[in-house]
1. Within region 101-128, take every residue that is away from the ligand (no atom under 14 Å from the Cβ) and of a type in the set (A, V, I, L, M, F, W, C) and give me the one that is surrounded by the most Cβ atoms within 10 Å (Cβ to Cβ).
2. Report yes if some residue within region 92-100 is within 21 Å of Pro37 (Cα to Cα), near the ligand (Cβ under 8 Å from one of its atoms) and buried (at least 21 other Cβ atoms within 10 Å of the Cβ); otherwise report no.
3. Just the residues that are near the ligand (Cβ under 9 Å from one of its atoms) and out of contact with any helix residue (DSSP H, G or I) (no Cβ under 8 Å at 6 or more places or on another chain), please, taken from region 66-91.
4. It is to be established whether one or more residues within region 34-44 are under 11 Å from the mean Cα position of the chain (by Cα) and more than 10 Å from the ligand (Cβ to nearest atom).
5. When the residues of region 116-131 are filtered to those that are among the polar types (S, T, N, Q) and part of a loop (DSSP other than H, G, I, E, B), which remaining residue is modelled with the highest pLDDT?
6. Among the helices (runs of 4 or more DSSP H) contained in region 1-115, which hold 3 or more residues that are free of Cβ contacts under 8 Å to residues at least 12 places away in the same chain?
7. Working carefully through the options Asn60, Asn27, find the one that is touching a Gly at 6+ places or on another chain (Cβ under 8 Å), more than 15 Å from the ligand (Cβ to nearest atom) and not aliphatic (A, V, I, L, M).
Amino acid sequence: MDFLDEKIDQYVCEHTEQENEVLYDLNRETHMNVLIPRMLSGHLQGRVLSMLSHMIKPKNILEIGTYTSYSALCMAEGLAENGKITTIDRNDELEEIIQKYVKKSGNQDKIHFLSGDATEIIPTLIWLSTKFLLVAI
Ligand SMILES: C[S@@+](CC[C@H](N)C(=O)[O-])C[C@H]1O[C@@H](n2cnc3c(N)ncnc32)[C@H](O)[C@@H]1O
């Protein structure tokens, strides 16, 4: 999403760790083929999410709004050993690209994608007594 002036964003990105190849390809494919690509976190926000996840090392992350999975892939980088992300999106047209890039990243065991409305799914997760240490939207 565009929060910063273009020149400031460019400067910050040039002085921030680069996206890996999978994230770069996902960013590009989202912009080419998916509606409203400005919803994607992108390079800078993705690196911030990765940093937060590395600092907290959560065992469980709950994300509401997977979109094409860019943020989920970034947060997966900092999970504790055997940690998991549960990520929910109600737009079922996104499932194919989500599954493609989760597989490409090699994080299939860490990222659990649920298709549906978070307001209906979350009560079922709470019933299972899962404690989430990082919640992202
Ligand atoms: C801003 S995008 C998420 C961006 C993504 N986290 C990223 O960083 O690339 C918001 C997403 O939330 C999803 N969404 C909105 N309301 C929802 C709901 N009630 N349940 C599940 N998904 C929802 C939309 O379908 C959309 O894909």
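1. In this case the residue turns out to be Ile126.
2. No; the residues of region 92-100 include none that is within 21 Å of Pro37 (Cα to Cα), near the ligand (Cβ under 8 Å from one of its atoms) and buried (at least 21 other Cβ atoms within 10 Å of the Cβ).
3. Asn91
4. Residues of region 34-44 under 11 Å from the mean Cα position of the chain (by Cα): 40-42.
Restricting the remaining residues to those that are more than 10 Å from the ligand (Cβ to nearest atom) gives none.
No, region 34-44 has no match at all.
5. Thr130
6. 6-14, 21-33, 95-105
7. On the way: Asn27 fails: more than 15 Å from the ligand (Cβ to nearest atom).
Only one candidate qualifies: Asn60.
The values are calculated or read from the model by the stated rules, or taken from the named source; none is laboratory data. All of these numbers come straight from a predicted model, not from anything done at the bench. Virtual Cβ from ideal backbone geometry, glycine too; neighbours counted across all protein chains shown.
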